[in-house]
Structure formats: structure tokens, C-alpha cells
1. Got a sec? Which of Phe145, Phe180, Phe160 is modelled with pLDDT under 70, in contact with a Leu (Cβ under 6 Å, 6 or more places away or on another chain), surrounded by 14 or more Cβ atoms within 10 Å (Cβ to Cβ) and not basic (Lys, Arg)?
2. Of these, Thr152, Thr110, which one is modelled with pLDDT of 65 or more, touching a Leu at 6+ places or on another chain (Cβ under 6 Å) and under 30 Å from Ser56 (Cα atoms)?
3. What pairs can you find where one residue is in the stretch 16-38 and touching a residue at least 24 places away in the same chain (Cβ under 8 Å) and in the same structural domain as Thr53 (by TED's automatic domain parsing), the other is in a helix (DSSP H, G or I) and of a type in the set (Phe, Trp, Tyr), and their Cβ atoms are less than 6 Å apart, with a gap of 6+ or different chains?
4. Would you mind telling me which numbered condition in (1) within 20 Å of the chain's Cα centre (by Cα); (2) on the phi > 0 side of the Ramachandran plot; (3) of a type in the set (A, V, I, L, M, F, W, C) Leu93 fails?
5. Considering only the stretch 1-86, give the helices (runs of 4 or more DSSP H) lying wholly within it that have at least 1 residues that are under 26 Å from Gly98 (Cα atoms) and aromatic (Phe, Trp, Tyr).
6. For Ser62, are the conditions met, namely being within 25 Å of Asn111 (Cα to Cα), surrounded by 15 or more Cβ atoms within 10 Å (Cβ to Cβ) and modelled with pLDDT of 90 or more?
7. Pick from Lys77, Lys167, Lys116, Lys90: which is modelled with pLDDT of 70 or more, surrounded by 13 or more Cβ atoms within 10 Å (Cβ to Cβ) and farther than 23 Å from Asp60 by Cβ?
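The values are calculated or read from the model by the stated rules, or taken from the named source; none is laboratory data. On a predicted model such as this, the values are computed, not experimentally measured, just so you know. All Cβ positions, even for glycine, are placed from backbone atoms using ideal geometry, and neighbour counts span all protein chains on display.
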Amino acid sequence: METKKVVIIIMLAILFSKNLISQLMYYQKAKEMEKVYPLKSIFYYSLVIKSYTPFSPLVDKSIKKIKAINNNLLKDKRFFDAFYVLNMLKSSLNSIKGIYQPYKQILIETNCELSKISSKLENHKLDIFFKVKKDYKKYQPNHFFYLLSLITLTLLVFCFIKCFENKLYLYFSLLLLILFIKFVLTI
């Protein structure tokens, strides 16, 4: 009976230490990212929160850092980014919900702040919609070049197989290889 207790205690200690180590790694990565890309550091701070371990000080620090980044964004009137940051915080806090909800008060405050920011965004809703739509069109894949690259790849394989019969196919396959690379880089 005592060996079962010891095994359970060892397994819990391993799980606890694994979470603490992963929190520390994510927190260090977030601090490095925060200097250069504060919005990208939010992802790592949210991973610290998601690998929640009771009594870990890194979760509190991560929440404070996320709120500090959010306050800086609000000062710069970057409401869309602030909305994104608070949504990340909200989803991270919701993901650690179990039998009880840790940081329940912070979650309530985050929801209130989200509603304030969304009301500010309501004024700029159409501008944001058209900006997102324009960005979507800019990054939408070009299906024409996908089709051309597939056709070129098929012809390349065919010509490469036939190049042993005729040297002309070898030159043609080299030309198709260059075209294929160009089409893939265009995508």
C-alpha cells in the first residue's frame, strides 16, 4: 500500500516539475520576444498560463505582462491589437478551468475590458472590415499558379522519363524545371 502512495507522489512530482519547467521556458522565450515583437510574446505568455501549476509565480507575472502590453496598446489607440491581446488572455484563463476557476476575478475584469474595447471598435467597424478584407485578398493564394506548377511538374516527370530515349527531352525537362521553380516561388 505504501508503494502505491510513493508511486503516486513521484508521478505528481514529475508532472508538477514538467509544468514548471515548461512554464519557465515559455516565460523566458516571451521575455526575449517582448523586446522585439510585443504582440508575438503574447502567444508565449498565454502558453505559460495554459501550463498552469498551482502556486506558480510565473502565471501571475505573465498575466501582469499581458495587461501591461494591453495598456501600451490602448495608449497608442491600437484597439484591434488590444482586443486580440485580451482575447488571448481570456482564452488562456478559460483553458485552465477545471473543478474551480483560478483567476476568476481577472477573467471578469478581462471580459469588462473586452466589452469596452469592442464598443470603441464599433465606431471603426467598417474600416476594420474593409482592411481585413483587403488583407485577405492580398494573401489569398493564386490558384492559377498552383495549376501551372502541377502541370509543369507532371510534364517534368514525363520528360525526365523520356530523356533517356531522346536528348531533346532532357533540355525540355530542364526548361520545365526552371518554370516549375518560378511558379512555386510565385505562389
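1. None of the others qualify; the one that does is Phe180.
2. Values: Thr152 fails: under 30 Å from Ser56 (Cα atoms).
Of the residues listed, the single one that is modelled with pLDDT of 65 or more, touching a Leu at 6+ places or on another chain (Cβ under 6 Å) and under 30 Å from Ser56 (Cα atoms) is Thr110.
3. From residues that are touching a residue at least 24 places away in the same chain (Cβ under 8 Å) and in the same structural domain as Thr53 (by TED's automatic domain parsing), the pairs are Tyr26/Tyr44; Ala30/Tyr44; Ala30/Tyr45.
4. Checking Leu93 against (1) within 20 Å of the chain's Cα centre (by Cα); (2) on the phi > 0 side of the Ramachandran plot; (3) of a type in the set (A, V, I, L, M, F, W, C), the one that fails is (2).
5. Numbers: elements: 2-36, 38-50, 57-75.
Hits in the stretch 1-86: 2-36, 38-50.
6. yes
7. Values: Lys77 fails: surrounded by 13 or more Cβ atoms within 10 Å (Cβ to Cβ); Lys167 fails: surrounded by 13 or more Cβ atoms within 10 Å (Cβ to Cβ); Lys90 fails: farther than 23 Å from Asp60 by Cβ.
Unique residue meeting the criteria: Lys116.
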